[in-house]
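Notes follow the structure.
The values are calculated or read from the model by the stated rules, or taken from the named source; none is laboratory data. Quantities reported herein were computed from a predicted structural model and do not represent experimental measurements. Note that each Cβ is placed from the backbone with ideal geometry, even for glycine, and that neighbours are counted across all protein chains shown.
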Amino acid sequence: MFDSGFGGLTVARAVMDLLPAEDLVYVGDTGRYPYGPRPLDEVRRFARQITSTLVSEHDVKLVVVACNTASAAALDDLRFSFEVPIVGVIGPGARSAVSVTRNGKVGVIGTVGTVSSGAYQREVAALRSGVELTCAACPGFVEFVERGDIASEQVHVLAERLLDPVRRAGVDTLLLGCTHYPFLARTIADVMGRDVVLVSSADETAFEVLAILRDTGIGRRTPAKGAHRFVSSGDVEVFRELGARLLGPELDVDVESRTWSD
C-alpha cells in the first residue's frame, strides 16, 4: 500500500481492521509529498517506482494505491504493467456512493487536484447510473487534519463554507474523496445534516481488497495477526509521530527509511 503522505493511513486502518491476519507494508512517500501539484506523468513515474519496489522487494500479492491523485493518474498504467491485483481508492468509493443514494444526487469532496482531475466524474459517468454528481474542492481540510485539529470552531466554519455547493445541490450522499477526510467525518456530518450519508473511500477500498482476496483465493487463513511495516521517504520521526496519531498504536514502532532516485 502506498500514498504520497499520511492520508492513506485511513485505508491502512480499514484494511487492518477488516483483514487482521494479512501482512501489510505501507509506503508513505513523504519526501515527495504532496503529489497534487505535480505533473501527472511525474506522479505515474513515482507510482510505478513504488509499486515495483513493493512487488520485487516485498513480494506483495496485491497493491493498494491509497492516494486519490495517484489513483487518478496511474491506476490503469499500473494494472497493465504488473501481474498482481492493483486496487485504487476512486472506483470503490464511487460505486458505493452511487449504490446508496436515494434521490440520485451524490456529492464528492476532495482536494483541488483530485476534483480538477475529473477522475470521480469519469468513474460515476462510466457507471451509467443517471446520478447527478456535484463535486467540491476542500482546500485546507488536509492541513487541519495533519495539525490534529478536527473539531475546532475554525474547521467547522471552513467546512460550512466549502461544503455549501453540495448542500445547495440537495445531495443525500456525500463521498469523502480524500483519505484524510474521514478524520473530519463528525464535523462534515454536522454541517451536512443527519439525512446525508457519508461514504468513506477508505472503508470501501478495504471491502474491495477483501473481495479480491476471497475471489482469488489468496487471502490468509490463519488466526495469527499479520505483521505491519511502515516505510517513509521523508523524516521518519515525523512520520511515526503523526502517523501514530492518525492510525493508532500500530504505528508507534520504528519506521523504515527509503529514498528514491528521481
| Odd one out for PHE80 among (1) of a type outside the set (D, E, K, R); (2) in the same structural domain as PHE183 (by TED's automatic domain parsing); (3) farther than 17 Å from PHE2 by Cβ | (2)
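Among residues belonging to segment 32-63 that are touching a Leu at 6+ places or on another chain (Cβ under 9 Å) and in a helix (DSSP H, G or I), point out the one that is surrounded by the fewest Cβ atoms within 10 Å (Cβ to Cβ).
Initially, segment 32-63 is screened for residues touching a Leu at 6+ places or on another chain (Cβ under 9 Å), giving 44, 47-48, 51, 60-63.
Those still in the list that are in a helix (DSSP H, G or I) too: 44, 47-48, 51.
Values: ARG44: 18, ALA47: 27, ARG48: 15, THR51: 23.
By that ranking, first place goes to ARG48.
Rundown of residues vs (1) in contact (Cβ under 8 Å) with a residue 60 or more places away in the chain; (2) polar (S, T, N, Q); (3) in contact with a strand residue (DSSP E or B) (Cβ under 7 Å, 6 or more places away or on another chain); (4) crowded, with 24+ Cβ neighbours inside 10 Å, yes/no style:
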position	(1), (2), (3), (4)
VAL25	yes, no, yes, no
THR30	yes, yes, yes, no
ALA66	yes, no, yes, yes
ALA70	yes, no, no, yes
| From PHE239, PHE207, residue being touching a residue at least 60 places away in the same chain (Cβ under 8 Å), touching a Phe, Trp or Tyr at 6+ places or on another chain (Cβ under 8 Å), closer than 27 Å to ASP59 by Cα and assigned to a helix (DSSP H, G or I) | PHE239
| With respect to VAL115, is the statement that it is surrounded by fewer than 24 Cβ atoms within 10 Å (Cβ to Cβ), in contact with a strand residue (DSSP E or B) (Cβ under 7 Å, 6 or more places away or on another chain) and closer than 24 Å to LEU213 by Cα true? | no
| message | Being surrounded by fewer than 17 Cβ atoms within 10 Å (Cβ to Cβ), farther than 28 Å from GLY248 by Cα and either within 22 Å of the chain's Cα centre (by Cα) or of a type in the set (D, E, K, R) (or both) is the filter here; which residues of segment 134-172 pass it? | response | GLU160, ARG161, ASP164, ARG168
| query | Taking VAL131, is it surrounded by 18 or more Cβ atoms within 10 Å (Cβ to Cβ), out of contact with any helix residue (DSSP H, G or I) (no Cβ under 7 Å at 6 or more places or on another chain), within 25 Å of ARG95 (Cβ to Cβ) and assigned by TED's automatic domain parsing to the domain that holds GLN121? | reply | no
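Taking the options LEU247, LEU251, name whichever one is under 20 Å from PHE144 (Cα atoms) and at pLDDT below 85. Quick ask: steps written out before the conclusion?
Values: LEU251 fails: under 20 Å from PHE144 (Cα atoms).
Just one listed residue meets the conditions, LEU247.
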